[in-house]
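In what follows, a single structure is set out as structure tokens and then discussed.
Quick note: the coordinates plus some simple rules give every number you see, no bench work behind them. Bear in mind the structure is a predicted one, so any value in this text is a computation, not a measurement. When we count neighbours, we look across all protein chains shown, and the Cβ atoms used for this are built from the backbone with ideal geometry, even at glycine.
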Amino acid sequence: MQFVSFSSGSCGNCYLLLGPHSGILIDAGVSIRRVKKELEALHLGYDRLSAILVTHDHGDHIRSLGSFCKRLTLPVWTTPTLHDALLRHPFTREWIGPCRQDLSAHVWNPVTEDFDVQYFVVPHDATQCVGYAIRCGEELFVLMTDMGHTTPEALHWASIASTVVVESNYDEDMLLGGDYPQELKNRISHGIGHLSNRACAQAIGQFLHPGLRNIFLCHLSGNNNTPELAYASARAALEEAGAAPGTIALRVLHRGVASPLLNL
Ligand SMILES: [Zn+2]
Ligand SMILES: [Zn+2]
């Protein structure tokens, strides 16, 4: 498996997971033109995209989903609840119908020839928000973002994954001491918003296991976090939990800037 983050955060979320024969785009929060450019930089074309997975119906995750449906007519997989919301959403309602593919709960859904997918619901103030466990051969990739707090199910999946992409949205001191209105501070931090660096670090301590090779920190806030703070917090959690040095690759996924193509 290979992974690339095209963009991560409120500026737009879009990730690509590549298997030997097929690829899955996770969320479509950046323009189709930008994705084309990023693919070209990797010497790849649209033909490497086989399906799209959607985590939830916030603009930073679905802003360009309508264009992807219109231009590429790829199957778009998400929960029935989210698909019903996408059929009503102004960004997607015109184009989503023919692309709709509903995921079944609590089973492996064969989404492409390389990838089987299960979803798990995470707490967030969208119609619904899901994390994904994605199986490719023997490997398990787990992505959990836009998550007010962790759940036993999310921690379970992460605790058996070889790669975990997890939100590390804000530094608590920066958020509380910053100039966001109190209502917005509450929205972010009160359990159905986003995961703080501290909560992310705590989660890492809980899901760390010997088979884990990669941790990628995603959806960093532009106003209430820095890549350095998020990295240091997660690094400290790994050290505290006794991870052997050099066994786990820890990386911050930057806002608006693509990561290299990463071998998982
Ligand atoms: Zn988001
Ligand atoms: Zn969201």
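In the chain, taking the dipole from charged Cβ atoms about the Cα centre, the farthest positive-side position among ASN13, LEU176, LEU264 is held by ASN13. Per-peptide packing, taken as the mean over residues of other Cβ atoms within 10 Å, places 140-146, 182-188, 225-231 in the sequence 140-146, 225-231, 182-188 from highest down. Quick one: net charge of PHE6's neighbours, Cβ under 14 Å, K/R +1, D/E -1? Summing Lys and Arg as +1 and Asp and Glu as -1 gives +3.
DSSP beta bridges confined to the chain are antiparallel in about 55 percent of cases.
Inter-label distance, GLU94 to GLU240: 5.0 nm, where each label sits 7 Å from its Cα along the C-beta direction.
How far, in nm, would the chain grow between HIS156 and THR226 when pulled straight, counting 0.36 nm per residue and subtracting the alpha carbon separation?
22.4 nm
Expressed as a fraction of 2.2 N^0.38 Å, the C-alpha radius of gyration for segment 149-244 is 1.08.
Net charge of the neighbourhood of LEU72, taken over other residues with C-beta under 12 Å away and scored Lys/Arg +1, Asp/Glu -1, is +3. Of PRO110, PRO98, PRO152, the residue with the greatest mean-square motion in the GNM of the chain, using alpha carbon springs below 10 Å, is PRO152. FRET efficiency for the pair LEU250 and THR81, taken as 1/(1 + (r/R0)^6) with r the Cβ-Cβ distance and R0 = 25 Å, rounds to 0.15. Rounded to the nearest 20, the Cβ-based charge dipole of the chain about its Cα centre (Lys and Arg +1, Asp and Glu -1) stands at 680 debye. Summing charges over all other residues whose Cβ lies under 12 Å from the Cβ of LEU208, with Lys and Arg as +1 and Asp and Glu as -1, gives -1. With Cα atoms as the point set, segment 129-201 shows a radius of gyration and Dmax of 14.1, 47 Å. With viscosity 1.002 mPa s and temperature 20 °C, the Kirkwood radius over alpha carbon pairs of segment 2-259 converts through Stokes-Einstein to a diffusion coefficient of 117 µm²/s.
Kirkwood-type hydrodynamic radius, segment 66-184: 16.1 Å, calculated from all non-identical alpha-carbon pairs.
Let me spell out the model: positive unit charges on the Cβ of Lys and Arg, negative unit charges on the Cβ of Asp and Glu, origin at the Cα centre of segment 101-167. What dipole size does that give, in debye rounded to 20?
On the way: 1 positive and 10 negative charges, 32 e Å.
With only Lys, Arg, Asp and Glu charged at Cβ, the dipole is about 160 debye.
Descending by average beta-carbon neighbour count within 10 Å, the peptides 244-255, 159-170 line up as 159-170, 244-255, the highest first.
When peptides 60-66, 77-83 are ranked by their average number of other Cβ atoms within 10 Å per residue, the highest-first order is 60-66, 77-83. If the chain linking ASP116 and GLN2 were pulled fully straight, counting 0.36 nm for each residue of separation and taking away their Cα-Cα distance, it would gain 39.5 nm.
Build a GNM of the chain with springs between Cα atoms under 10 Å apart, and of ASP84, ASP47, ASP116 the one that fluctuates most is ASP47.
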